[in-house]
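In what follows, a single structure is set out as structure tokens and then discussed.
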Amino acid sequence: MAETKRCPYCAEEIAAAATRCRYCRSRLMSWDVTRWHRSHPDARIAGVCAALAATLAVPVGVVRVAAILLTLLPGHVGPLLYGALWLMIPARLGEESILERVLRAGLDVARKLSGRGDEPLSR
């Protein structure tokens, strides 16, 4: 028998992996940290839209259309947001993001310049 859980909204038994209740259609999760990486099977260019879709439990097509619409806005918010998310979302599950690596390297340089380069860096 498949693992089940109770929907917190209607108390019906549903599959444990469900992201929406099949009875009341309530969204059961909105942010899943285990899906916060860019190496999803449906990733296309850099995997940002696929990572957002998996994390927010929405269809990837919706996220891609939203990215395109943001690109068409004045100020070109879409590419800026896409680039920022590309820096923040790790390439694979459990890895550090590019931004984390750059910030860690900058912190190491600052520690060496300040004369405290021998002290261990806490994670």
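Where a number appears in this text, it was derived from the coordinates with a stated rule and is not lab data. Note that this is a predicted model, so its numbers are computed, not measured. When we count neighbours, we look across all protein chains shown, and the Cβ atoms used for this are built from the backbone with ideal geometry, even at glycine.
A few notes on this one:
- Sum of side-chain charges, C7 neighbourhood, beta-carbon under 11 Å (Lys, Arg +1; Asp, Glu -1): +4
- A cut-off of 5 Å between modelled amide H atoms, ignoring neighbours fewer than 5 places along the same chain, links R20 with L28.
- Solitary cysteines of the chain, where the nearest other Cys Cβ is not under 4.7 Å: C49
- Whole-Hz couplings from phi, Karplus 6.51/-1.76/1.60, listed for the stretch 95-105; x for Gly and Pro: 8, 7, 6, 4, 4, 4, 5, 5, 5, 5, 5
- Cα gyration tensor shape of the chain, rounded if a/c is under 1.5, else prolate or oblate by comparing a/b with b/c: oblate
- Residue-averaged 222 nm ellipticity for the chain, from DSSP H runs of 4+ at -39500 (n - 2.57), nearest 500: -13000 deg cm²/dmol
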